[in-house]
Every structure is written in C-alpha cells, then in structure tokens.
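The values are calculated or read from the model by the stated rules, or taken from the named source; none is laboratory data. Worth saying up front: this structure is predicted, and the values here are computed from it rather than measured. In this analysis, Cβ positions are derived from the backbone assuming ideal geometry, glycine residues included, and neighbour counts consider all displayed protein chains. Heads up: the accessible areas ignore ligands, DNA and RNA and are worked out on the full protein's heavy atoms, side chains in. Shrake-Rupley method; radii C 1.70, N 1.55, O 1.52, S 1.80 Å.
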Amino acid sequence: MQWKPLRPGFGLAGRIDRTLIDRVDPFFPAGTDEYWMGQALIESMKSVGISAPNPGVGCVIVKNGHELARGHTQAWKQPHAERMAFASLPEGVSLEGAEVFVTLEPCSHTGFQPPCSDLFLGRGIARLVVATSDPDPRVSGEGLRRLAASGIRVKTGVLEAEVRALLFPFLKTRGAKKTVWVSKWARMPSGHLADVDGNSKWITNAKSRAYTHWLRQKYDAIVVGARTFLLDRPALTVRDCAPPRQRQPLRIVFDPRGDLLNEPESALHGFRVLVCGSRLPDEKRAGAIFHPMEVGPDSPDLVEAFRSTLESMPFEKPLQSVMVEGGARLLRTLGDAGIFDAAHVFTGVQKFDRLSKREWLEAGPGGGFNPCTHHVFDEDVLQEWVKED
Ligand code: AOF
Ligand code: ZN
C-alpha cells in the first residue's frame with residue numbers, strides 16, 4: 001500500500017477546494033472518523049510553505065462529538081501539530097474519554113522538539129486515530145506502540161492515501177533521497193505546451209492557476225528552462241491561490257548555454273541561474289545570482305551536474321522538493337533521466353494556431369508512476385501521479 005488513487009476532491013496539494021478561493025464543505029458525514037481526519041488534514045494545510053522539511057501535520061482533539069482544539073505544525077524546528085492543539089485546549093478541560101485525530105503518527109523522539117507522545121499520557125484519552133505512520137527512523141511505529149501500551153485505543157489508516165499524497169515529499173525524503181523532484185505542465189488537448197512563438201500563457205483557467213500557485217508554495221524551489229524564461233517571462237510567484245500564502249518560491253533558471261548572460265540584471269531580479277561554468281565570464285559573477293555547473297553544455301553529465309549543483313546549494317533550509325514547470329525540452333530531458341518522483345499535468349481546452357512541434361509532451365509521466373488524482377476544474381482536467389517505490 002503506497003501511492004493509491006485518491007478520493008474525489010483530494011490531490012497532492014491536499015483538499016483541492018481549499019487551494020482555490022471557493023470552498024466546498026463537508027466531504028464526510030459529521031462525526032465519522034473520516035470527517036475528523038478530514039478536518040485534521042485541512043488544518044495541516046495551514047503548514048504549507050512554512051514547516052518543510054518537517055512534515056505539515058494537523059491535529060484535532062474531540063470529546064463527546066465536539067471539537068475541543070486543533071493545531072498544525074509550525075515552522076521548521078518549532079512546535080509540532082499536537083503541541084499546538086494541546087496548548088489551545090480550553091483551560092481546565094478534562095481529556096477523560098477524548099479522541100485525538102492526527103494526520104501523522106505522534107513522534108516519540110527528542111529532536112528540535114520534545115516527543116509529542118508524552119502529551120497524551122496520564123490524561124484519560126480514550127482513542128488516538130492517525131492517518132499514517134512516521135517513517136522517520138527515530139519514530140517508525142514507536143509512537144503508536146508507546147501510546148497503545150499506555151491503554152489508548154489506536155486506529156491507523158483513516159484517509160491514509162490522501163494524507164500520504166499530501167506528505168509525499170517528506171515521506172520520500174525519509175528514504176534514501178535528499179530532494180524530491182516533481183514536474184508540472186499545462187497542455188492543450190493535442191499535447192502541445194506552446195505555439196511556434198512560444199506562447200503558452202492561458203492554456204488553463206483561473207482555478208488551475210490557483211492550484212498551481214498553491215503548489216509553488218508547497219515546494220521549496222521552482223525551475224524553468226532558459227528558453228521558456230526568455231519567451232514567457234514568467235513571474236513564478238504565489239499570487240492567485242487561497243490563503244494562507246506564506247512563501248514565495250526560490251526561482252531557478254536552468255541555462256546551460258548561458259542564454260541569459262546578456263540579459264539586464266533587472267530582468268533577472270530575484271532569479272538564480274544555473275549555467276555551465278565555461279560560459280560564465282568572471283565579470284558576470286558579481287551581478288545577478290549565477291551558479292556555475294562544472295561541466296560543458298554538451299556533456300553527458302549535464303543533468304546530473306544540474307541536479308547535484310542545485311541540491312547542494314547553500315540555502316537556509318534543506319532543499320526538500322523542487323518543481324520543474326517547463327518547457328517541454330527540459331521536462332523531457334529530466335524525465336528521460338528518471339529524475340521525477342511525481343507529476344502534475346493540467347489539460348486545458350484552449351487551442352492555439354501554429355503549434356510548435358518541439359513544445360509537445362505525452363499526456364503523462366510514463367511507466368512506473370501510480371495515478372493519484374483525476375480532477376476537473378470546470379473545463380480543465382488535472383491529473384497527478386507519484387512514482388512507485
Ligand atoms: C509529530 N507532529 O507535527 C510533526 C512531526 O526535530 P523535530 O523535533 O522537529 O522532529 C522532526 C521529526 O518529527 C520529523 O522528521 C518527523 O518525523 C516528525 N514530525 N511529528 O509528531 C508533527 N511535524
Ligand atoms: Zn511530534
């Protein structure tokens with residue numbers, strides 16, 4: 001059981017309606033375990049853009065069918081979801097017979113934060129419901145064992161596929177990988193991404209764009225190829241999704257041939273450009289932020305140099321996830337190299353004249369991926385996949 005199709009209305013960004021401006025309520029009958037876990041999942045989405053590389057977890061405390069408190073994971077190194085929920089309980093309230101819903105197994109280790117499972121002990125809590133266990137080797141079932149041993153009834157697996165999809169960058173990086181890579185593109189029904197002039201804007205509608213903007217704050221960095229950058233002049237910012245809008249992405253341009261070296265610095269403001277070292281004249285090093293890759297642009301090791309240069313750049317936080325937004329050539333090159341762990345593909349209805357043969361991609365990411373989401377945004381279709389483990 002790993003990456004399964006999600007229930008309608010859920011995607012790799014969480015509950016899809018919560019990423020848009022309009023909201024639909026509720027998905028599950030009130031009072032069921034699915035209902036409360038759905039509330040914990042919604043709460044966990046408030047951690048978008050702040051908690052990484054720590055997973056964004058949600059916790060809801062319920063007694064006699066009424067909610068007492070909820071909380072979500074704070075910034076990296078700051079309190080976990082359970083601690084936030086317990087801290088906002090009404091003063092003096094008894095937890096005798098209460099139920100706690102958490103999207104991830106409560107931790108049992110001391111890291112930057114003390115163990116969450118300590119919060120549950122000796123308070124008469126009757127039941128703990130979690131969506132999925134924590135693969136962190138310091139936890140890995142120990143939190144659940146500890147709480148079950150203390151007499152709390154423990155149930156796992158509620159909305160598991162939906163929570164795992166939302167947390168997949170964390171779940172995958174707890175394995176051997178350091179950084180997960182995802183692809184995202186918007187296609188016309190024919191599979192084209194742009195016309196011969198490079199026009200690719202407005203293939204999809206406002207709802208698809210809102211979801212994309214949510215993804216831009218979910219992932220730590222956004223990449224486009226130099227050609228796409230020059231044609232589209234994309235802002236690559238978070239603007240049109242539902243709140244909270246808590247982070248603007250780190251914006252990266254992959255420019256092996258140095259096409260951007262003659263651009264005025266103002267056009268590159270806020271972008272980081274990865275360029276082959278041999279193409280980078282010394283006087284440019286002091287200007288916009290260029291990072292040299294130590295290979296030539298025709299080297300068979302170019303993709304690997306790009307990946308490792310980006311993953312080892314010194315950022316404030318570990319780079320847990322990267323989203324590549326195009327163009328078609330860069331997506332194909334990285335896809336063929338097997339870099340991606342997940343894909344988000346939008347198909348719009350807009351058709352352009354004079355289509356570009358180069359700007360064409362297959363409908364999906366190819367074999368070895370599990371389909372997760374098939375969602376309709378009015379006339380657009382969103383499909384998402386996660387790579388098999
Ligand atoms: C929870 N609740 O809300 C989150 C958890 O260094 P620390 O102390 O912050 O611990 C980080 C680890 O804790 C992280 O790798 C993951 O295993 C777990 N995250 N656990 O009980 C939460 N975010
Ligand atoms: Zn914890």
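Taking each residue as 0.36 nm, the span from Arg329 to Ser88 lengthens on full extension beyond its C-alpha to C-alpha distance by 81.8 nm. Sorted largest first, the principal axis extents computed over the alpha-carbon atoms of the range 1-130 equal 39, 34, 31 Å.
Among the protein heavy atoms, those of Leu166 account for about 20 Å² of accessible surface (1.4 Å probe, every chain in place). Only helices enter this figure: runs of n ≥ 4 DSSP H residues, each worth -39500 (n - 2.57), summed and divided by the residues of the chain, yield -5500 deg cm²/dmol at 222 nm to the nearest 500. For the pair the range 105-167 and the range 182-238, the centres of their Cα atoms are 38 angstrom apart. Solvent-accessible surface of the chain, taken per residue with a 1.4 Å probe and all protein chains present: 42 Å². Relative contact order for the range 188-277: 27 percent, from Cα pairs under 8 Å spaced at least 6 residues apart, divided by residue count.
For the pair Asp118 and Glu379 in one chain, pulling the backbone fully straight at 0.36 nm per residue adds 89.1 nm over the alpha carbon distance.
When the listed pairs Lys46/Lys317; Lys177/Lys357; Lys63/Lys218; Lys77/Lys172 are checked against a 29 Å cut-off, the alpha-carbon distance exceeds it for Lys177/Lys357; Lys63/Lys218. Near Trp36: Cβ cut-off under 9 Å, other residues only, Lys/Arg at +1 and Asp/Glu at -1. The net charge is -4. Each peptide in 314-320, 74-80 receives the mean, over its residues, of other Cβ atoms within 10 Å, and ordering these scores from highest gives 74-80, 314-320. For the chain, the relative contact order works out to 19 percent when only alpha carbon pairs closer than 8 Å and six or more residues apart are counted.
Leaving out ligands, DNA and RNA, and with a 1.4 Å probe, what % of the accessible surface on the range 178-387 is carbon or sulfur? Answer for the range 178-387: carbon and sulfur cover 50 percent of the accessible area.
Say R0 is 51 Å: what FRET efficiency, to the nearest 0.05, do Lys4 and Val196 get from their beta-carbon distance? Computed FRET efficiency for Lys4 and Val196 comes out at 0.80.
Per-residue 3J(HN,Hα) values for the range 244-260, derived from phi via the Karplus relation 6.51 cos²θ - 1.76 cosθ + 1.60 with θ = phi - 60°, read x, 10, 10, 8, 8, x, 6, 10, 10, 10, 8, 9, x, 8, x, 4, 8 Hz in sequence order (x marks Gly and Pro).
Share of pairwise Cα-Cα distances greater than 33 Å in the chain is 34 percent (whole percent).
Across the range 228-233, coupling constants 3J(HN,Hα) worked out from phi with the 6.51/-1.76/1.60 Karplus curve, θ = phi - 60°, read 4, 4, 5, 6, 8, 6 Hz, and Gly and Pro carry x.
Considering only alpha-carbon pairs that sit under 8 angstrom and 6 or more positions apart, the relative contact order computed for the range 292-389 is 24 percent. For the listed peptides 85-91, 261-267, a ranking on the average number of other beta carbons within 10 Å per residue, highest first, reads 85-91, 261-267.
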